[in-house]
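What follows is a single structure, written as structure tokens, with notes after it.
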Amino acid sequence: MPHLVVENLTKVYERGKIRALFNVSFSVEKGEFLVLIGLSGSGKSTLLRCINRLVEPTSGRIFLNGVELTKLSPRAMRKVRRKIGMVFQQFNLVKRATVLQNVLAGRLGYNSTLSTLLGRFPKEDLRRAQECLERVGLLDKMYVRADQLSGGQQQRVGIARALMQEPELLLADEPVSALDPATSHSVMQYIEQINKDGVTVIASLHFLSLARRYGQRIIALKAGEIVFDGLPEAIDDRKFKEIYGEEAEEVEVR
Amino acid sequence: MRTFFAEAALLESLREIPARVGWALRIKILPALLDLTFLAYVWAATNATYSYFRFGFLSFSLLPWWWMVIVVVAVGAMWSAWDQTLGMKVVNRELSGETDFASRFLYAVLWPFFPLALLTAPFDPKARTPGELLAELTLTEVRLITYRPWYRTLTGWLALIAILSTLGAAVGVTKVEPGRLVTGFEKTIKFWRAIFSPRWDLLGLGLKLLGETVFMAIMATAFAVPIAVLLSFLAARNLMRGPLGRLIYVILRMIGSFTRSVDAVIWAIIFAVWVGTGSFAGVLALFVHSIVDLMKLYAEQIEAIDPGPVEAITATGANHLQVLRYAVIPQIINPFLSFTLYRWDINVRMATVVGMVGGGGIGFRLIQYLRSWAFPEATVLTILIILMVWALDWLSARLRAKLA
Ligand SMILES: Nc1ncnc2c1ncn2[C@@H]1O[C@H](COP(=O)(O)OP(=O)(O)O)[C@@H](O)[C@H]1O
Ligand SMILES: [Mg+2]
């Protein structure tokens, strides 16, 4: 059984009547590293957010481990979200809070509302937070405010927050688009490592060169529809022009 | 078959009539009425200025009213025929066509009949006025801006006259007489002497009243904050989605801006009548004003939060309360505290003013002293108020800098 199955997914945004996704179907095996590519506005963010239902799909079905997510109650969906980590292009950290507070937020779904409202987390979670920060090399920044960190460091905090969830699936929405090339690779390597530890990863990436370097498989979206689904090697010059348009030139991110 | 099409066309044009009449109103009638109103105002202001400076009394129309009508309409006609008037500027039109003297003159003569555009509108898609029809000049959208210096245009001169006569009329209406500053000075000597001999034995009483005033402000702020916090979430556009939410949002914002537009002093008078003069009336006035003011400030802060963290915390599987606690509150807590301090600061100052109209505290006593010409006593209280405002200013600025 595939880890994730997406069936005939369509999303129409009411505001502006924009069809962001149309009839998208694919499945992902456990432990796969899938990369989404496509021009901006092609629907990558929408697709990732439909998977954890931050965006409510208009029609179609999504299964995780055979469970139909699109049928779940909000409460049941929150339980499932605990196992789906997510990192964002703009990091989405609480800037005024410390790194530790940001990372601990990854455990909210596992703890009682009352104790978390009082700001209390189990000792176990504190230990886990230290571990996760150590994994992304930021243990010494634990008590620093998030807005004091560089972009790359902030994204690593974002990754640590996702790791706190002990995810089985990691969604990454253009995780390195706001970073310079050198930092991009260092962040991508942390994500690659998480994948090697058995977590299924779906990442949208802006540059094809990054997609080729990290993806085991690539899905390309164009105006909300899948125009390519296959191995990175299969994207030749013609396919490239079909995805990105005639004028596009491939650039390398080193 | 033919008649059918003719009827259909007729029906079609009948359906357009309301739109055409509306257009005539907006483009032809209202701008002309605006010009007439403006000219009538200029008439009144120049008359007031002239009568005040020439004869020493105010009159908004020295000549009988029908003189004013004739002059205003005549100037309006000339203005419309030879220049781009105020009303034409507003709707971005200008007169174009054969712009020789004869056409312009004919246009000016026919201009007073501009309301007839409402009658031509059903038949003429351009809703031409009699002037436009007969003088072969039309009001068209401004195409080229022909630059002329202001002193070469009628509009420029009318604007200058309007500004000067407004200033002149203002002097007349408010009876500005700089001379009286000199002639009346000796009457204030007693006052100045009193100011420099404060009754320091009243210091104790003054401090007690000052304390009362500060506590009025603290009470009003402390009780307003929780209510304002609750209301602010209901008055934040980004949280109040859907028809019901939007309705609550609009109603709260409307009540808020209405209540805020009534000055705290007015509220103090209302409450002084309601619950009797004294500190309580003052507290209520500040309380009401603080609620709506803080509600607006808080709500705007909520509207300005970064939605990113909200999305990220939601994605971890947190519930609504947890999202509020971990994504929303960290973003708003400092601004909220800062606004609260700012409002408390304002409330302390306002408490003295509100006190003067029956709201108790130091302001109430101050106004009593002033009314009974007890200047040495009033000076003590004034010095205390100045010191307090000064100290508060400093303190709240320091605290707010820390919160930023
Ligand atoms: N909240 C929204 N409301 C309305 N339209 C949206 C919203 N989010 C995205 N869209 C539109 O949906 C389309 C796909 O957007 P997105 O999924 O963000 O693409 P990508 O991530 O590939 O740039 C775009 O046309 C975008 O304008
Ligand atoms: Mg995107």
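Overview of values
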{"read-out": "Count of segment A:95-114 residues which are out of contact with any strand residue (DSSP E or B) (no Cβ under 9 Å at 6 or more places or on another chain), within 7 Å of chain B (Cβ to nearest Cβ) and either closer than 20 Å to residue A:175 by Cα or not small (Gly, Ala, Ser) (or both)", "value": "3"}
{"read-out": "Meets criteria (away from ligand 1 (no atom under 16 Å from the Cβ) and at negative phi) for residue A:107", "value": "yes"}
{"read-out": "Positions within segment B:174-192 being touching a residue at least 60 places away in the same chain (Cβ under 8 Å) and either among the charged types (D, E, K, R) or under 21 Å from residue B:357 (Cβ atoms) (or both), in sequence order", "value": "B:190"}
{"read-out": "Filtered residue count, segment B:320-330, keeping only those that are buried (at least 16 other Cβ atoms within 10 Å of the Cβ), within 8 Å of chain A (Cβ to nearest Cβ) and more than 22 Å from residue A:159 (Cβ to Cβ)", "value": "1"}
{"read-out": "Members of segment A:10-53 found to be among the aliphatic types (A, V, I, L, M), more than 12 Å from ligand 1 (Cβ to nearest atom) and in contact with a helix residue (DSSP H, G or I) (Cβ under 7 Å, 6 or more places away or on another chain), listed by number", "value": "A:35"}
{"read-out": "Subset tally (residues that are at the interface with chain A (Cβ under 7 Å from one of its Cβ atoms) and either of a type in the set (A, V, I, L, M) or part of a loop (DSSP other than H, G, I, E, B) (or both)) for segment B:300-319", "value": "7"}
{"read-out": "Count of residues meeting criterion [more than 11 Å from chain B (Cβ to nearest Cβ) and within 12 Å of the chain's Cα centre (by Cα)] in segment A:47-94", "value": "2"}
{"read-out": "Failed condition for residue A:25, given (1) hydroxyl-bearing (Ser, Thr, Tyr); (2) within 23 Å of residue A:175 (Cβ to Cβ); (3) at pLDDT 95 or above", "value": "(2)"}
{"read-out": "Some residue of segment A:15-32 being more than 14 Å from ligand 2 (Cβ to nearest atom), within 14 Å of chain B (Cβ to nearest Cβ) and of a type outside the set (S, T, N, Q)", "value": "yes"}
{"read-out": "Some residue of segment B:45-58 being part of a loop (DSSP other than H, G, I, E, B) and of a type in the set (A, V, I, L, M, F, W, C)", "value": "yes"}
{"read-out": "Output for segment A:116-154, where each listed residue is among the polar types (S, T, N, Q) and within 12 Å of chain B (Cβ to nearest Cβ)", "value": "A:116, A:154"}
{"read-out": "Among residues of segment B:341-367, those that are over 24 Å from the mean Cα position of the chain (by Cα) and part of a helix (DSSP H, G or I), counted", "value": "18"}
{"read-out": "Any hit, segment A:225-246, residues being within 13 Å of ligand 1 (Cβ to nearest atom), under 22 Å from residue A:4 (Cβ atoms) and of a type outside the set (A, V, I, L, M, F, W, C)", "value": "yes"}
{"read-out": "Flag for residue A:172 being within 16 Å of ligand 2 (Cβ to nearest atom), within 12 Å of chain B (Cβ to nearest Cβ) and not in a helix (DSSP H, G or I)", "value": "yes"}
{"read-out": "Total residues in segment A:175-218, condition within 22 Å of residue A:249 (Cβ to Cβ), away from ligand 2 (no atom under 16 Å from the Cβ) and in a strand (DSSP E or B)", "value": "1"}
{"read-out": "Residue under evaluation residue B:236, criteria (1) more than 30 Å from residue A:165 (Cβ to Cβ); (2) more than 23 Å from the chain's Cα centre (by Cα); (3) more than 14 Å from every other protein chain (Cβ to nearest Cβ), criterion not met", "value": "(1)"}
{"read-out": "Selection from segment B:349-374 of residues that are more than 17 Å from residue B:263 (Cβ to Cβ) and either modelled with pLDDT of 95 or more or crowded, with 21+ Cβ neighbours inside 10 Å (or both)", "value": "B:360, B:361, B:362, B:364, B:365, B:366"}
{"read-out": "Residue in segment A:84-102 that is assigned to a helix (DSSP H, G or I) and surrounded by fewer than 23 Cβ atoms within 10 Å (Cβ to Cβ) present", "value": "yes"}
{"read-out": "Which listed residue is in contact (Cβ under 8 Å) with a residue 12 or more places away in the chain, assigned to a helix (DSSP H, G or I), closer than 30 Å to residue A:91 by Cβ and in the same structural domain as residue B:390 (by TED's automatic domain parsing), from B:284, B:239, B:297", "value": "B:297"}
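Okay, residues lined up against (1) under 36 Å from the mean Cα position of the chain (by Cα); (2) acidic (Asp, Glu); (3) surrounded by fewer than 17 Cβ atoms within 10 Å (Cβ to Cβ); (4) at pLDDT below 90:
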residue: B:82; (1), (2), (3), (4): yes, no, no, no
residue: B:103; (1), (2), (3), (4): no, no, no, no
residue: B:109; (1), (2), (3), (4): no, no, yes, no
residue: B:146; (1), (2), (3), (4): yes, no, yes, yes
residue: B:161; (1), (2), (3), (4): yes, no, yes, no
residue: B:180; (1), (2), (3), (4): yes, no, yes, yes
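The values are calculated or read from the model by the stated rules, or taken from the named source; none is laboratory data. These figures come from a predicted structure and were not determined experimentally. Every residue, glycine among them, receives a Cβ derived from its backbone with ideal geometry; neighbour counts consider all protein chains shown.
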